[in-house]
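Reviewing the structure listed below.
Derivation of every value follows stated rules applied to the coordinates shown; laboratory data play no part. Owing to the predicted nature of the structure, the values given are computational and were not obtained by experimental measurement.
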Amino acid sequence: MKAKVDPNVCIGCTLCTQICPEVFRMEGNKSVAHVDIVPKEVEESCKKAAESCPVGAIKITE
């Protein structure tokens, strides 16, 4: 599974970094997915972070 944050949509609310810091971190005022492949043990929290994004900036691909 992979996660990607669209920097043109991200508003920098930090919600994803709070829910799944294993995958998301802030770079400046935008969030980025800092892993290429989401580790199996955090897939559920990564999906929750994507679902929780208030502007839909996170895309998950299998």
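For the reader, a short list of remarks on this structure follows.
- Counting only alpha carbon atoms, the long axis of helix 43-52 and the longest principal axis of the chain meet at about 30°.
- Reach of LYS40 by Cα under 20 Å, taken over lysines that are not fewer than 8 positions away in the same chain: LYS2, LYS4, LYS48, LYS59
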